[in-house]
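Quick note: the coordinates plus some simple rules give every number you see, no bench work behind them. This one's a predicted model, so the numbers in the text were calculated from it and none came from an experiment. Don't worry about glycine lacking a Cβ; one is built from the backbone with ideal geometry, like all the others, and counts go over all protein chains shown.
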Amino acid sequence: MADLAKVLPQAADRDVLLAYMKRYDHELVKALVDRVPAFTAFLVSGGYVHMLQPGDTILLRRDLDRCVWHSVFCLGDDAGESLSFPMRSLA
């Protein structure tokens, strides 16, 4: 959490954030998304949640302006399953 507190103020600078997100290792962001319930609650309260139903498909974009970070939460006793595939143009 101390490392996260150091990084968050830098997120206000778009260029610094973009450089950080382009790095292969951005564990602090993954920790925030995956392991900080208060951040998840913040996203839910802001309407940034989409609940998928069986058979649903979502496309995730790769640039900073239109990217989607995602976490999977299962609300029942059964484990959830999903598949991820890259989609590339044939051209």
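Tabulated values for the structure
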read-out	value
For S71, net neighbour charge (Lys/Arg +1, Asp/Glu -1) across residues whose Cβ lies under 13 Å away	+1
Sequence of D56, D34 once ranked by neighbouring C-beta atoms within 10 Å, starting from the fewest	D56, D34
Spin-label model distance (nm) - S89 vs A11, 7 Å beyond Cα toward Cβ	3.2
Theoretical FRET efficiency, 1/(1+(r/R0)^6), r = Cβ-Cβ of D78 and Y20, R0 35 Å, to 0.05	0.45
